Ligand SMILES: [Zn+2]
């Protein structure tokens, strides 16, 4: 068997796909840049930022990517060289709203497939804002229809309001993302214990 043919039959390493080997991004104070969603970059972004000296590499995966001239281990944790001031105001997003409501229907408390409910229905002038939108399961949403909770004989578990960044952060710690690489754990929960 000649060389070329042998190479053809040699087991090929699994290609590093874009969505795999994400890097946890820390602010210059070594706290995650954001918790929700957790600040993650693709390995390409992390490698590029390290190359441009915008970040330092704190921890690495075992996985190496090779170019013709060099090989580099994929970063699993990177830290920004310049501190980014965190935003104090919480963005009104679907995810943040579910997080505020702890992924529970605000009428019956069930966890599962959730929808959004306008407490004062839009048809009656209810706005789409922190104070008027809650997580609700489909059966509760259907039952309530275009009525106020009082008319529908339903009670909210608590009055909806805009959460502070700290409140959301505290809730976020109880709902960690599905995938956590072992090198991320120190940076995710260390400060939580110091503050407790
Ligand atoms: Zn419900």
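What follows is calculated from the coordinates using simple rules that are stated; it is not laboratory data. Bear in mind that the values here come from a model prediction, so they are computed numbers and not experimental data. Cβ: placed from backbone, ideal geometry, glycine included. Neighbour counts: every protein chain shown.
Taking 0.36 nm per residue of sequence separation and removing the Cα-Cα distance, the residue 157/residue 130 pair yields an extension gain of 8.2 nm. Distance between the modelled labels on residue 102 and residue 50, one decimal in nanometres: 4.0 nm (7 Å Cα→Cβ projection).
The sum of -39500 (n - 2.57) across all DSSP H runs of n ≥ 4, divided by the residue count of the chain, sets its helix-only mean residue ellipticity at 222 nm to -7500 deg cm²/dmol. Seen from every direction in turn and averaged, the convex hull around the alpha carbons of the range 94-152 projects onto 3.6 nm².
Working note: Cα gyration tensor of the chain, eigenvalues times five, square-rooted, sorted largest first, giving semi-axes of 45, 22, 14 Å.
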